[in-house]
Amino acid sequence: SLSSRVACVGENGAGKSTMIKLLVGEIEPQQGDVWKHPNARIAYVAQHAFHHIESHLNKTPNEYIRWRYANQGEDKESLVKVSMQFSDEELKLQKTPFEIQFTGEDGKVKKIKKVVSELVGGRKTNKSKEYEYEVKYAGSTVDSGEYLPLKTLKKMGWEKAIKAVDLKIAQRAGLYVRPLSTKNVEKHLEDCGLDREFGTHYRMSALSG
């Protein structure tokens, strides 16, 4: 269930790190697809994790964690992974007008071709228990309030943006449980074995690996 905490174990060379990297989007599959529940949160600390912090050695561990997750729990580094960058084919699809059906005020089903310029960040469940995502159409003066089904947006080249929205919503959910404060981060680091003096007052460049 979504309340489970799962660890991955296995012999050296079995593919543990490769599987985790696929799940978090560090790498893309050579074949097949990667699927995870939209509300799942997956944490990954690499065996050699210095590539996460090499540009932030002037920060304390406490400052780095609060910087990384400051925007309502959004992981700033998760959105620059290769699996979250649009391909040329996806960008082309996004600029292609797509026929959309809607019901007018007279109750009749109408069709119109539109181009989605961005996903605004909202998500809701429709009557069929499927997710719909809030969009903004190119040339529209309306900032939000219009939604399209997940399947339609995938055809329009927005699958990676959908994953980004799901990720942000899942990450924000954690903030309602534990606010991202200096004190809470300090306690978390202590639970991981890093004394508060080192976690809050020492720059990472001064700490040993």
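Going through S205, S140 one at a time, which residue ends up being among the polar types (S, T, N, Q) and touching a Leu at 6+ places or on another chain (Cβ under 8 Å)?
Result: S205 is the single residue among S205, S140 that is among the polar types (S, T, N, Q) and touching a Leu at 6+ places or on another chain (Cβ under 8 Å).
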Strands (runs of 3 or more DSSP E) wholly inside segment 114-209 that include at least 2 residues being modelled with pLDDT of 85 or more and open to solvent by 80 Å² or more (accessible area, probe 1.4 Å) | 116-125
Which one of these is touching a Phe, Trp or Tyr at 6+ places or on another chain (Cβ under 8 Å) and modelled with pLDDT of 80 or more: P29, P61, P97?
-> P61
Give me a count of the residues in segment 1-26 that are in contact (Cβ under 8 Å) with a residue 24 or more places away in the chain and surrounded by fewer than 14 Cβ atoms within 10 Å (Cβ to Cβ).
-> 1
How about segment 27-40: which of its residues are closer than 18 Å to L167 by Cα and open to solvent by less than 60 Å² (accessible area, probe 1.4 Å)?
-> V34, P38, N39, A40
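The values are calculated or read from the model by the stated rules, or taken from the named source; none is laboratory data. Just so we're clear, the structure is a prediction, and the values are computed from it rather than from any experiment. Note that each Cβ is placed from the backbone with ideal geometry, even for glycine, and that neighbours are counted across all protein chains shown. The area values use the complete protein model at the heavy-atom level, side chains included, leaving out ligands, DNA and RNA. Shrake-Rupley method; radii C 1.70, N 1.55, O 1.52, S 1.80 Å.
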